[in-house]
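Enquirer: This is the structure I want to talk about, given as C-alpha cells.
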Amino acid sequence: MSGLNLNHVTKQFGNFTAVNDVNLSVPDGTFVCLLGPSGCGKTTLMRMIAGLDLPTGGSIQLGGADITQVPTHKRDLGMVFQSLALFPHLTVGENIAYSLRIRGTPKDIQKKRVDELLAMIHLPGFADRSVAKLSGGQRQRVAIARALAISPKLFLLDEPLSALDAKLREAMQVELRQLQQRLGITTIVVTHDQREAMTMADTVVVMNGGEIRQAAAPVDIYRRPADSFVADFIGQTNLLPVAADSAGRASVLGELVEGIALPAGAAKGMLSVRPEDVQLTAPGHGAIAGTVTFIRDLGGAIETFVEAGGTQVIAVSSPRNRPDVSVGQSVGIRLDPATSVVLAR
Amino acid sequence: MRREPPQRLADYGPLFFPAGMLIVFFVVPFATMIAVSVFQREQGGFYTPAFVFDNYARFLSLFFGKVLGFSLFLAIAVAAACVVIGIPFTYLLSRSPRKIQIVWLVALLSILSLSEVMIGFAWSTLFSRTAGITNLFVWLGLMAQAQALTPSFGAVMTAMTYQAFPYTVLVLYPALVRLDPTLTEAARTLGASPVKAFFTVVVPALRNTILATLIMVFIFALGSYLLPQLLGRPQHWTLSVLITDQAIYQSNMPFAAAMAVFLVLVSLALVGLALYAGQQRQAK
Ligand SMILES: Nc1ncnc2c1ncn2[C@@H]1O[C@H](COP(=O)(O)OP(=O)(O)O)[C@@H](O)[C@H]1O
Ligand SMILES: [Mg+2]
C-alpha cells in the first residue's frame, strides 16, 4: 500500500498518553490538516511521522515500507517547524541548499535548484541575503523552500502560519494549497485554526485528547460531524438535547419534530444544527417556542439569540433575509431534518 | 527613561568606582612593571632606576625564543583540547535532564575551588608509579608493569586541561542552552545524521562563543606556572615558570618584568589576530 499509513500509533510520556491508538491512511498527493485544540497531541503525532519522536506503540508506513524505526535523516521528508528553525549562520541560499549540500550535490546543481526554488516562492535574487533581515512572510517561504529542496515524498508543516498576521496568513494558506496542488506532494499540516484547515485540506483530521475524532473532507466535517466535540469545534453550532418517546418519535426542547430519528433503542441524544439552518417563524404551529434575548448585527450577518426551554439557540441570517424580530419577542424555531445531525449524547 | 549626555562632573559619578579599580589594580601595577623592565639590576641586590633595554636584549636569544614558542604552543594546545572536549560535553549536558545538569555543574564548580597546587599534586600522585592509575591498568591486565607517567608533556597537558575545563563549560553552557533545539531537528529532517547536524549547525552557529572560549582558555593557560614545574621536565617549562624563577629565586625583577611585558604583548597580538580572523570570516 502506498501513501502514508499510521497503524495504532501511540505515544506515552511516562503515564501520560499524548497520542492514543491513531489510525490514519493518507493517499499519495493528498493534503491533510491535523486540527485540534492546543495540547491534543498534534505536534507529537507529526514528530513521530518525522521520526523525531519514536512511538511507544503501533507502526508507520511510507510508500509501502515500514519506517517506524527509521531515523529521521533517512526518511525522505521535508518539515517546516513552528519556529521555522532557519539556520542563523547561513544565507537564504545556503539555507535552501542545506539538504543538497549534505548529500554532496555539485555546487552548480545546488545553485540551479536554489534559483528554481526562490522563483517558486516569489523571492528571486534573495540567495545572498541574511535570514535575519527577512520579514515574517519571507522567512516562512524560505523555510518552505528549504524543506522542498530535495523534492521529498512527504511534506510536514507544524503550525506554519501561526506567527503571521491575519491577512498574510490567509494569503499564505491559498498559496500553500496552490503550491501543493502544483507539486502533487503528500502534505500534512498541523493547525489549531479551523478556517485554515477548511481552506487548505483535502482531508481534515480532528483530534482531541490524543485521539482522532473524525477524519473526513472539510464539507463532511462541517455537514456531518461525527460527535458533539467535532460539531462544536468546527464552526458554530447549536447542540440541542433530543428525547425519544416510547413510539420512537423525537422531540427537541419539548416539541415533536418530524423527520428526526434517534438510533434504535436510544432514548436521548444531541442534535447539532448550524446557526444558518435555524429558521425563525411565528410561534405555534408545531414550532419550538422561544424568546429573542439579543440581536447582533455584524454587517455581513445577523445573529439572533433565542432562549428556548432553558437552552440558547443562535440563528444566523444574511442581511437580505433579515428576520423581522426584536428583543423580547416570542418566536417559533423550525429545524430542517435534512440539515440537522443526530449525535450520541 | 531619557538618556542625556553627562553635563556636570557629578554626572560622571557612576564611572569613578570602576575607573578607580581599574587604575589601582591594573594600570598602576602594569605601569610599574613596564618601568621596572627598563631598570638596571644590581648584582645580588634589588634594582636601581634607569632606562636601559639590556633586559629585553638578553631575552632575544634562541633559548628564550624556544621557551616562548613552547609556552604559546602549550596554551593553544590546552585551549584546543578544552574546546574539542568541552563542546560535545556541554552540548550533551544542555540536552540532558535538569537533575543531571545540576549535579555536573556543581561538580565542575567545585573543581574551581581547588588551587593549582592541589590539582598539581593530585595529578602527580595519579601519574606516579607507586600509587598511580597504571596500577589499576596492571590489575585490569592492560599493562604488564606499573610505570610513572610523570614528568611528561602528556601529564602537563592533562592537568592543565583539567584545570581549565570548568571555565570552558561555564562559558559554553549558556550559549548552548539558548541554542534553539529545533535547529538540529531541522537539520535531521533535511537529511543530516545527528553527528553531521552537530558539525554543520551547532558548531557554526556557535562560532563566536567558541572563539571567545579559545581566547579565554589560551590566556588562562599562558599564566600557568605551577603545573609545568610539578608535572613536566625542564623542557616543558613555560615562560611563566621562567618569570617566576627570575622574580622570586634569582631576584632579577627587571628581567622578569621584561619577560612579562613581552608575554603580554605577544598574547595581545595573538588575541587580536584571532578576533580579526573571526571578523573576516563573519563578513564573508
Ligand atoms: N517530551 C514531552 N514530555 C512530556 N509530555 C509531553 C512531551 N511533549 C508533549 N507532551 C505533552 O503531550 C501533550 C500533547 O502535546 P503536543 O503534541 O505538543 O500538543 P499540540 O501540538 O496538539 O498542542 C501535551 O499535553 C504535552 O504537555
Ligand atoms: Mg503543537
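Enquirer: Check the range A:155-173 and report whether any residue there is out of contact with any Leu (no Cβ under 7 Å at 6 or more places or on another chain), of a type in the set (Lys, Arg) and touching a residue at least 12 places away in the same chain (Cβ under 8 Å).
Expert: no
Enquirer: Further, regarding this structure: Here are some residues: B:Thr150, B:Thr200, B:Thr213, B:Thr182. Which one is more than 14 Å from chain A (Cβ to nearest Cβ), of a type in the set (S, T, N, Q) and part of a helix (DSSP H, G or I)?
Expert: Every option except B:Thr213 fails the conditions.
Enquirer: Given the structure, is A:Thr237 touching a helix residue (DSSP H, G or I) at 6+ places or on another chain (Cβ under 7 Å) and of a type in the set (Ser, Thr, Tyr)?
Expert: The answer is yes for A:Thr237.
Enquirer: On the basis of being modelled with pLDDT under 90 and surrounded by 18 or more Cβ atoms within 10 Å (Cβ to Cβ), does B:Ala256 make the cut?
Expert: yes
Enquirer: Pull up the range A:9-33, narrow it to residues that are within 14 Å of ligand 2 (Cβ to nearest atom) and touching a Gly at 6+ places or on another chain (Cβ under 8 Å), then point me to the one that is farthest from A:Ala197 (Cα to Cα).
Expert: Across the range A:9-33, the extreme among qualifying residues is A:Lys11.
Enquirer: Would you check which residues across the range B:132-182 are over 14 Å from B:Ile85 (Cβ atoms) and among the polar types (S, T, N, Q) and list them?
Expert: Within the range B:132-182, B:Thr134, B:Asn135, B:Gln145, B:Gln147, B:Thr150, B:Ser152, B:Thr182 qualify.
Enquirer: A further question on this structure: Just to verify a result, which residue in the range A:34-79, among those that are within 11 Å of chain B (Cβ to nearest Cβ) and at positive phi, is nearest to ligand 2 (Cβ to nearest atom)?
Expert: Residue satisfying both the conditions and the ranking: A:Gly51.
Enquirer: Another one. State all residues of the range A:158-198 that are surrounded by fewer than 23 Cβ atoms within 10 Å (Cβ to Cβ), within 14 Å of chain B (Cβ to nearest Cβ) and among the aliphatic types (A, V, I, L, M); if no residue qualifies, say none.
Expert: A:Ala163
Enquirer: On to the next question. Of the residues that sit in the range A:80-102 and are in a loop (DSSP other than H, G, I, E, B) and aliphatic (A, V, I, L, M), which one is nearest to the other protein chains (Cβ to nearest Cβ)?
Expert: Only one residue fits best here, namely A:Ala85.
Enquirer: Which strands (runs of 3 or more DSSP E) sit wholly inside the range A:285-344 and have at least 3 residues that are out of contact with any Gly (no Cβ under 8 Å at 6 or more places or on another chain)?
Expert: Of the strands (runs of 3 or more DSSP E) lying wholly inside the range A:285-344, those with at least 3 residues that are out of contact with any Gly (no Cβ under 8 Å at 6 or more places or on another chain) span A:288-297, A:302-308, A:311-317.
Enquirer: Given the residues A:Gly125, A:Gly137, which is the only one that is of a type outside the set (Lys, Arg), away from chain B (no Cβ under 13 Å) and part of a helix (DSSP H, G or I)?
Expert: Every option except A:Gly137 fails the conditions.
Enquirer: Something else now. For the range B:216-256, which residues satisfy the criterion of being within 14 Å of B:Ala75 (Cα to Cα), part of a helix (DSSP H, G or I) and in contact with a Leu (Cβ under 8 Å, 6 or more places away or on another chain)?
Expert: B:Phe218, B:Ala221, B:Leu222, B:Pro228, B:His236, B:Leu239, B:Ser240
Enquirer: Report every pair of residues separated by at least 6 positions or lying on different chains whose Cβ atoms are under 7 Å apart, first residue within the range A:38-53 and in the same structural domain as A:Phe81 (by TED's automatic domain parsing), second of a type in the set (Gly, Ala, Ser) and within 12 Å of ligand 2 (Cβ to nearest atom).
Expert: From the range A:38-53, the pairs are A:Gly41/A:Ala18; A:Lys42/A:Gly36; A:Thr44/A:Ala18.
Enquirer: Before we move on, is B:Ala274 part of a helix (DSSP H, G or I) and in contact with a Leu (Cβ under 7 Å, 6 or more places away or on another chain)?
Expert: yes
Enquirer: Taking the condition within 15 Å of ligand 1 (Cβ to nearest atom) and of a type in the set (D, E, K, R), does A:Asp53 pass?
Expert: Yes: the conditions hold for A:Asp53.
Enquirer: Let me ask something else. So how many residues does the range A:199-231 have that are surrounded by fewer than 19 Cβ atoms within 10 Å (Cβ to Cβ) and of a type in the set (S, T, N, Q)?
Expert: Adding up the residues that qualify gives 2.
The values are calculated or read from the model by the stated rules, or taken from the named source; none is laboratory data. Please read all numbers here as calculations on a predicted model, not as lab measurements. Glycine gets a Cβ as well: all are built from the backbone with ideal geometry, and neighbour counts include every protein chain shown.
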